[in-house]
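The values are calculated or read from the model by the stated rules, or taken from the named source; none is laboratory data. These numbers were taken from a predicted model, which means no experiment stands behind them. When we count neighbours, we look across all protein chains shown, and the Cβ atoms used for this are built from the backbone with ideal geometry, even at glycine.
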Amino acid sequence: MATYPTSIKYGTGGADGYMSRDQVCLTKDNSTCLKNYNMLSVFMTKDLKSMKADGILGLAPSQQKTRASVFINELFYAGIIDKRVFSFYVTRGTYSSRVTLGGYDLKYAA
């Protein structure tokens with residue numbers, strides 16, 4: 001999709017990549033897939049090595065100068081979620097934190 005790299009900032013760090021388009025699925029079946037989703041395919045990060053993650057999912061309310069689609073909006077427009085809302089439940093453990101797309105789970109409310 002792009003022949004030149006794009007740079008974005010994340011706090012004090014950042015990422016460089018190329019604008020690309022692909023299918024993004026939330027589950028193994030095709031019922032939760034966004035087809036032709038515009039995203040930044042990252043090839044280099046700066047000052048993000050301490051993050052315990054294998055990727056970055058942009059949930060910012062804007063396109064961050066990348067022309068990438070706003071993920072939560074695209075899920076809503078495709079009818080995959082009912083509301084343009086997401087919530088986090090964060091714990092100190094490595095496997096018990098959760099993200100909920102399209103709403104929130106009162107079981108995890110403070």
So which residues in region 3-33 are loosely packed, with under 10 Cβ neighbours inside 10 Å and closer than 27 Å to Y77 by Cα?
T27, K28, D29, N30, S31
Considering only region 83-99, how many residues are closer than 15 Å to L26 by Cα and exposed (fewer than 15 other Cβ atoms within 10 Å of the Cβ)?
2
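Table: residues versus (1) touching a strand residue (DSSP E or B) at 6+ places or on another chain (Cβ under 6 Å); (2) modelled with pLDDT of 80 or more.
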{"residue": "T27", "(1), (2)": "no, yes"}
{"residue": "V42", "(1), (2)": "yes, yes"}
{"residue": "A53", "(1), (2)": "no, no"}
{"residue": "L57", "(1), (2)": "no, no"}
{"residue": "Q63", "(1), (2)": "no, no"}
{"residue": "Y77", "(1), (2)": "no, yes"}
{"residue": "G93", "(1), (2)": "no, no"}
Condition broken by Y37, with the remaining ones in (1) under 17 Å from F88 (Cβ atoms); (2) modelled with pLDDT of 85 or more satisfied:
(1)
